[in-house]
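Visitor: This is the structure I have questions about; it appears just below.
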Amino acid sequence: MSAKQPIRLGIIGMGLNNMASTLALLKDVPDLRYRLQAVCSVPQDVVDQCVRKFGAVFGTTDYRKLVERQDVDVVCVYSPDHLHTEHCLAALEAGKHVVCTKPMVTSRTDAQKLVKCVRKTGLKFLVGQTMRFDRQFMMAKKLFDDGDLGKLIALESYYVHDIRPVFKFTPWRLTVPQDFMFGGCAHSIDVIRAFGGDIATVHANAIKGNLTPKYPLPDNFFLNLKFKSGVIGRVSGLYGVVHPPTPMMQFGIYGTKGSLQAEFTDNEPGQIRVVLDKLASHKPMVSTFEPERDLSAYGHGAAVVRYMRHFQECLDKDREPSPGVEDGAKSVAAGEAAWESIKTGRVVKAWNRF
């Protein structure tokens, strides 16, 4: 793609105040060339409002009409989780590059379908994992990649979010229902995979919090992981709880030269705390991150802008996006292994052969 051409977006799952609405405002970011062409949502009155508010050329309630349009280069999938496979495959088969919000899909079988389709078409595919594009993560990744933390020993991540308020403005999460192993834990699994690589085994436990009696699935999870490298890890995903007096998201990196903790909460300050063994004092060095101007209902608008900037660079320079379709597939496979472990009580091997 020419570095001078506009990149024309079609968005499936467009709402007035959801994360996808951030994409409609990318035209105001000076170094980005994205232009909103088409939106798809339900019901029709939401489509009409989005067309008027965001200036889309075309609006529809039928995703097939959107992916077939010749004036759309990239399809962004922000629909409910259980529709991602259908929508992503339709876009890829129509010759469109794809950005898909997390979780990519909710089963290993569907993940394999997307991996095969991306390989067959040669199109670009980015999983919109916002945590990878938060400033805290990017700083931690640089410290790790530069060798400041040494060789990995252990990794941990948690995502704790009282989900009851979210049910009110995204009721599909309750009525479908959303599986929070994928809709929640996928964040934490992906973050530590970015440092530790492929996961070898998973042992998991789960419980239903019953704070929302109509929600039928377990919604609180603890996962113990072992990576192929031998590094150990753990993931906590608690969604059926009263929100605790802790950050919403946090991850820890423990290495032979240093340890790091990073934290993020929607629309609140975040931190990174680092202890380096080479320094005489082991008092933590602290970096604080003030909230960024947000463009979405979830507090991740600035991270969305950064991952779309990354995707633009991948289109211009013919690079593979990260996290890509295989990253998304392996995170899903780890979640599926966790569910098998919960049901059987056994340690389960995670699937990585995509």
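Only the coordinates and a few stated rules stand behind these numbers; no lab work does. In this text the structure is predicted, and so the values were computed from the model without any measurement. Cβ atoms come from the backbone with ideal geometry, glycine included; neighbour counts cover every protein chain shown.
Visitor: Given contacts defined as C-alpha pairs under 8 Å and at least six residues apart, what's the relative contact order of segment 7-129, whole-number percent? Intermediate results must be reported in sequence, preceding the final value.
Guide: On the way: 236 pairs, mean separation 27.9, N = 123.
RCO, segment 7-129: 23 percent.
Visitor: If you take the beta carbon distance between Q49 and L83 as r and set R0 to 22 Å, what does 1/(1 + (r/R0)^6) give as a FRET efficiency, to the nearest 0.05?
Guide: Details: r = 21 Å, r/R0 = 0.95.
In this case the efficiency is close to 0.60.
Visitor: Cα-based Rg of segment 244-291 per 2.2 N^0.38 Å, rounded to two decimals? Before the final figure, lay out the partial values.
Guide: Numbers: Rg = 12.0 Å, N = 48, 2.2 N^0.38 = 9.6 Å.
Relative to the 2.2 N^0.38 Å estimate, segment 244-291 comes out at 1.25.
Visitor: Please list the radius of gyration and Dmax for the chain, considering alpha-carbon atoms only, with Å as the unit.
Guide: 20.0, 64
Visitor: With all pairs of different alpha carbon atoms counted, what Kirkwood hydrodynamic radius in Å does segment 7-129 show?
Guide: Values: mean 1/r = 0.0702 Å⁻¹.
In segment 7-129 this quantity evaluates to 14.2 Å.
Visitor: Just to confirm the number: angle between the C-alpha axis of helix 44-54 and the first principal axis of the chain, 0 to 90 degrees, nearest 10?
Guide: Once rounded, the angle reads 80 degrees.
Visitor: Sorting check: for 28-34, 87-93, 181-187, 45-51, which peptide has the highest mean count of neighbouring beta carbons within 10 Å, and how do the rest follow?
Guide: 181-187, 87-93, 45-51, 28-34
Visitor: Each label point is 7 Å from the Cα along the Cα-to-Cβ direction; what then is the distance between the points at M139 and Q5, in nm?
Guide: It is 3.9 nm.
Visitor: Compare the peptides 58-67, 105-114 by average per-residue count of other Cβ atoms within 10 angstrom and give them in order, highest first. Write down the numbers at each step before the final one.
Guide: Details: 58-67: 18.1, 105-114: 19.9.
Ranked from most to least packed, the peptides come out as 105-114, 58-67.
Visitor: Just to check I understand the Karplus step: with θ = phi - 60° and J = 6.51 cos²θ - 1.76 cosθ + 1.60, what whole-Hz values come out for segment 219-234, glycine and proline as x?
Guide: My calculation for segment 219-234 gives 9, 9, 9, 10, 10, 9, 10, 10, 8, 4, 6, x, 4, 9, x, 8 Hz in order.
Visitor: I would also like to ask the following. Can you check how the C-alpha radius of gyration of segment 159-292 compares to 2.2 N^0.38 Å, as a plain ratio? Write out the running numbers ahead of the final one.
Guide: Numbers: Rg = 16.9 Å, N = 134, 2.2 N^0.38 = 14.1 Å.
That works out to 1.19 for segment 159-292.
Visitor: Can you put F311, F167, F125 in order of Cβ neighbours within 10 angstrom, beginning with the fewest?
Guide: Numbers: F311 24, F167 17, F125 28.
Going from least to most buried by this count: F167, F311, F125.
Visitor: Please give the peptides 140-147, 232-239 ranked by average Cβ packing (other Cβ atoms within 10 Å per residue), highest first, as a rough proxy for protection.
Guide: So the order, starting with the most tightly packed, is 232-239, 140-147.
Visitor: Something else now. Given a Förster distance of 30 Å, report the FRET efficiency between Q271 and V347 from their Cβ-Cβ distance, rounded to the nearest 0.05. Let's see the in-between values first.
Guide: Numbers: r = 34 Å, r/R0 = 1.13.
It comes to 0.30.
Visitor: Could you work out the relative contact order of the chain, using alpha carbon pairs under 8 angstrom and six or more residues apart, expressed as a whole percent?
Guide: On the way: 765 pairs, mean separation 67.4, N = 354.
Reported relative contact order: 19 percent.
Visitor: Moving to a separate point now. Let's test the formula: R0 of 22 Å, r as the Cβ-Cβ distance of W172 and I207. What FRET efficiency results, to the nearest 0.05? Don't skip to the end; give the middle numbers.
Guide: Values: r = 23 Å, r/R0 = 1.06.
Working from the Cβ atoms, E equals 0.40.
Visitor: Give me L315, L149 ranked fewest to most by other Cβ atoms within 10 Å of their Cβ, as a rough exposure proxy. All intermediate terms of the calculation are to be shown ahead of the outcome.
Guide: On the way: L315 21, L149 24.
In increasing order of surrounding Cβ atoms, one gets L315, L149.
Visitor: Quick one: Cα centre-to-centre distance for segment 284-354 and segment 42-105, in angstrom?
Guide: After rounding, the separation between the Cα centres reads 20 Å.
Visitor: Specify whether the C-alpha gyration tensor of segment 81-208 places it in the rounded, prolate or oblate class, a ≥ b ≥ c being the square roots of the eigenvalues: rounded for a/c under 1.5, otherwise prolate if a/b is larger than b/c and oblate if not.
Guide: Details: a/c = 1.81, a/b = 1.18, b/c = 1.53.
It is oblate, given that a/c is not under 1.5 and a/b is not larger than b/c.
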